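Here is the structure we will look at.
Just so it is clear, none of the values below were taken in a lab; they were calculated from the coordinates. Fair warning: this is a prediction, and the values are worked out from it, not measured in the lab. Cβ atoms come from the backbone with ideal geometry, glycine included; neighbour counts cover every protein chain shown.
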Amino acid sequence: MQKRNSKKYNYKNHLSDSQNFLTSRTLIKKIVNRSTICKSDIVLEIGTGKGHLTEILCQKSGTVYSIEIDQRLFESSRAKLNRFSNLTLIHGDFLHYSLPDKGSYKVFANIPYFITTPIIEKLTNTPNPPTDIWLIMEKGAAKRFAGLPRETEKSLLLKVKWNMKILHHFRKEDFHPMPSVDSVLLHFSQKETPDLDNACFPAFKKFVAHSMKYGICGKQGLLTKRQVSVALKQAGLPPACENGVTLYIQWLCLFRCYQSIFR
């Protein structure tokens, strides 16, 4: 794993937004035990912080790479965690860090909330993505990415290759300093076989963007109401409701219907 030399974003302007540490060893062990991390795994951590989570990851996994942008935290964690021979601490910016180009690895991190979207995009769009990702993040963002209670453009695109599930709901008191928002642990697990191949994905992306803006059917929709009704019925799926389709599997079905008609 190598670090790219690239200009850093102005992290110090956002330190107060990003540093909310879990300090309870019992809680950290509990959430790490919700993962599938084991001694044969390589684990990447985004933000070493004070090293509390890093320590448990070192005990559970085979190898840990932990990236910390803050010089003070990096130095203190290096001194605190120097007993772990399976740990590599890296002083740098994760958004400018080169992910592994081969081999299997997992990610577990308590991420800075203000860069949640860039982190998820980096991890899920890389040519060699992690097999599993566990991120502690703001609850509202997690629900949007997971498509709860309704699918979003981001959730529909992610679900082609990823399963997502909220595994733990934190109390604000679990963090120091205490954040102003609710937090959860969101798990991304890579599907063994994507629902669409790479050749079809750009068309699905355009289909979703257009349909989110104009509706799937209607004046500017890509399908008629009858086409939507017949496609969902033939697939054994629930019919569209007044607000359109709400399930990822319905979106996938209608995209395939659109492809078959206009190919």
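In cubic angstrom, how much convex hull volume per residue do the alpha carbon atoms of the chain span?
On the way: hull volume 40.1 nm³, N = 263.
Cα convex hull per residue, to the nearest whole number: 152 Å³.
The stretch 201-262 gives an Rg/Rh value of 0.91, both radii derived from C-alpha positions and Rh following Kirkwood.
Each part reduced to its alpha carbon centroid, the stretch 65-102 and the stretch 110-157 end up 22 Å apart. Projecting the Cα atoms of 94, 193, 43 onto the charge dipole of the chain (Cβ charges, centred on the Cα centre) puts 193 farthest toward the positive pole.
Can you tell which of 77, 189, 40 shows the greatest fluctuation in a Gaussian network model of the chain with Cα springs below 10 Å? The residue that fluctuates most here is 40.
How much length is gained on full extension from residue 121 to residue 40, taking 0.36 nm per residue of separation minus their Cα-Cα distance? Walk me through the numbers before you get to the answer.
Values: separation 81, 0.36 × 81 = 29.16 nm, distance 2.62 nm.
Between residue 121 and residue 40, full extension yields 26.5 nm more.
The length gained on full extension between residue 209 and residue 75, counted as 0.36 nm times the residue separation minus their Cα-Cα distance, comes to 43.7 nm.
In a simple Cβ point-charge model (Lys, Arg +1; Asp, Glu -1; nothing else charged), the stretch 113-263 has a dipole of about 620 debye relative to its Cα centre.
Just add up the charged neighbours of residue 38: K/R +1, D/E -1, any other residue whose Cβ is under 14 Å from the Cβ of residue 38. Local net charge: +2. If you average the sequence gap of Cα pairs under 8 Å that are 6 or more apart and divide by the length of the stretch 162-234, what percent do you get for the contact order? It comes to 21 percent, rounded to a whole number. Which percent of the Cα-Cα distances in the stretch 116-263 go past 28 Å? Percentage above 28 Å: 28.
Do you know the relative contact order of the stretch 35-162, to the nearest whole percent, from alpha carbon pairs under 8 angstrom that are 6+ apart?
Values: 193 pairs, mean separation 28.1, N = 128.
Normalised by residue count, the contact order of the stretch 35-162 is 22 percent.
Hey, with R₀ at 35 Å, roughly what FRET efficiency would residue 181 and residue 229 work out to, going by the Cβ-Cβ distance, to 0.05? Given R0 = 35 Å and the Cβ-Cβ separation, E is 0.30. Under 15 Å from a point placed 7 Å out from the Cα of residue 131 along the Cα-to-Cβ direction: which residues of the stretch 68-110 have their backbone N that close? Under 15 Å, as judged by backbone N against the label point of residue 131, lie 102-108 of the stretch 68-110.
When the chain is fully extended, how far beyond the present Cα-Cα distance does residue 195 get from residue 237, taking 0.36 nm per residue of separation? Display every interim value, and only then the final one.
Values: separation 42, 0.36 × 42 = 15.12 nm, distance 1.66 nm.
Result for the pair: 13.5 nm of gain on full extension.
The GNM of the chain, with springs linking C-alpha atoms under 10 angstrom apart, assigns the highest mean-square fluctuation among 22, 99, 222 to 222.
Counting each DSSP H run of 4 or more residues in the chain as -39500 (n - 2.57), what helix-only mean residue ellipticity at 222 nm follows after dividing by all residues, to the nearest 500 deg cm²/dmol? Before the final figure, lay out each step's value.
Values: 10 runs with 95 residues, N = 263.
Mean residue ellipticity at 222 nm (helix-derived): -10500 deg cm²/dmol.
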